[in-house]
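Coordinate-derived values only; no laboratory data. For clarity, every value in this text was computed on a predicted model and none was experimentally measured. Don't worry about glycine lacking a Cβ; one is built from the backbone with ideal geometry, like all the others, and counts go over all protein chains shown.
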């Protein structure tokens, strides 16, 4: 999977550019639906990643790109649910996650990628 954070607010996956947060599930790309996490925005000063979102739990790893500057908050419940499912959460700034997932077969990549902050 060819993936890179082009610039603040823009990511490219296999030649297609996106201007919104994305979810990668077994190599398929979807827009991240943050609606269920918006209720927690005031607690974090930013819409966090919450366990209420549609998180791709399949596989042994979940990559979370925490933004250009690593500012995406991840709620503790996400880590708790991951642990209960036996999934390792790898959370790093989005550019770092882009480099990490290049090493995997696209069908094995499950990720949530924040493209700003």
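Structure notes:
- Stretching residue 30 away from residue 96 to a fully extended chain increases their span by 21.8 nm, per 0.36 nm per residue minus the current alpha-carbon distance.
- When the Gaussian network model of the chain links Cα atoms closer than 10 Å, the mean-square fluctuations of 71, 42, 50 top out at 42.
- Shape class of region 78-117 from the alpha-carbon gyration tensor: oblate, with a/c at 1.5 or above and b/c at least as large as a/b.
- Each Cα pair under 8 Å and six or more residues apart adds its sequence gap; the mean of these over the residue count of the chain is a relative contact order of 36 percent.
- Sequence of 22, 115, 90 once ranked by neighbouring C-beta atoms within 10 Å, starting from the fewest: 90, 22, 115
- On a per residue basis, the convex hull of the C-alpha atoms belonging to the chain measures out at 84 Å³.
- Theoretical ellipticity at 222 nm over the chain - DSSP helices of four or more residues, -39500 (n - 2.57) apiece, nearest 500: -5000 deg cm²/dmol
- The label point for residue 6 and the one for residue 103, both projected 7 Å from the Cα toward the Cβ, are 2.7 nm apart.
- Size descriptors for region 50-117: radius of gyration and Dmax over Cα atoms are 11.3, 29 Å.
- Just checking the listed ones, 97, 89, 24: in the Gaussian network model of the chain with Cα springs under 10 Å, the one fluctuating most is 89.
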